[in-house]
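Asker: This structure is in structure tokens; I'll ask about it shortly.
The values are calculated or read from the model by the stated rules, or taken from the named source; none is laboratory data. On a predicted model such as this, the values are computed, not experimentally measured, just so you know. As a convention, Cβ positions derive from the backbone with ideal geometry for all residues, glycine included, and neighbour counts pool all protein chains shown. Only protein heavy atoms, including side chains, enter the accessible area calculation; ligands, DNA and RNA are left aside. Shrake-Rupley method; radii C 1.70, N 1.55, O 1.52, S 1.80 Å.
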Amino acid sequence: MKAKKTEIQVHHPREGRPVRIVADAAVSVRGLHGGRLLPLLLLDTSDRPDIAELIRVHESFGTGDVKVQWGQVQGHEGTVALFLTFIRPLELFMVLEFNIVQQGILVEQALTGQGMYLARADHADDRLSNNLDRPKVIVEVGDTGFGKAWDDLFHKYLAKDFHESGLSRSDSRRAAHSAIEELRKLGGLRMRDIHD
């Protein structure tokens, strides 16, 4: 399948730059998303006060609307990006970019769990454990048809990384396949609902 190129119009140049992910975690909540394990991303909003405001407003507003699209930022080899266009409660656009080798598990979990949480980082080396009760937004990441392309990219870049670490090409492919299989087993864990 040939890659499709799309130019995205932004209202401000900062919207075209990927938002820095300061830290990440995995969260599973009984009764939400079937108890699936979802990634939680702490975002650097220092130059994106609109994102900080979205997270703040969304907490009291409740549900909102967002369009999601997976792809790649032109010229950013070895990464995939999630393009988010929020419609309600605020209109804004953001790009979240993931290094395939280092952050592939986040993409894998977002696709498997069909969602992710976004929260504002309080400082450059923040961690979720510093404030477990911070406001967060859940973003539904439904099936956009990206799964097959992701499988190919994830395997390709993991195999390349294993090969650059000294494994033969065939061992690298097997190691990538095995690593992805193990990640998917872990990602399939669910928090069961409590029944009275």
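Asker: From the list E77, E53, E59, which one is farther than 22 Å from R134 by Cα and acidic (D, E)? Break it down stepwise before answering.
Answerer: Values: E53 fails: farther than 22 Å from R134 by Cα; E59 fails: farther than 22 Å from R134 by Cα.
Of E77, E53, E59, the one residue that is farther than 22 Å from R134 by Cα and acidic (D, E) is E77.
Asker: Based on what the data block shows, is G166 on the phi > 0 side of the Ramachandran plot, modelled with pLDDT under 95 and open to solvent by 10 Å² or more (accessible area, probe 1.4 Å)?
Answerer: No: the conditions fail for G166.
Asker: Ok, one more. Restricting attention to segment 115-133, which residues are at pLDDT 90 or above and touching an Asp or Glu at 6+ places or on another chain (Cβ under 7 Å)?
Answerer: Listed by number, the residues that qualify are G115, A121.
Asker: Just the residues that are among the polar types (S, T, N, Q) and open to solvent by 60 Å² or more (accessible area, probe 1.4 Å), please, taken from segment 117-155.
Answerer: S129, N130
Asker: On to the next question. Do we have any residue at all in segment 122-143 that's assigned to a strand (DSSP E or B) and farther than 13 Å from L41 by Cα?
Answerer: Yes - at least one qualifying residue is present in segment 122-143.
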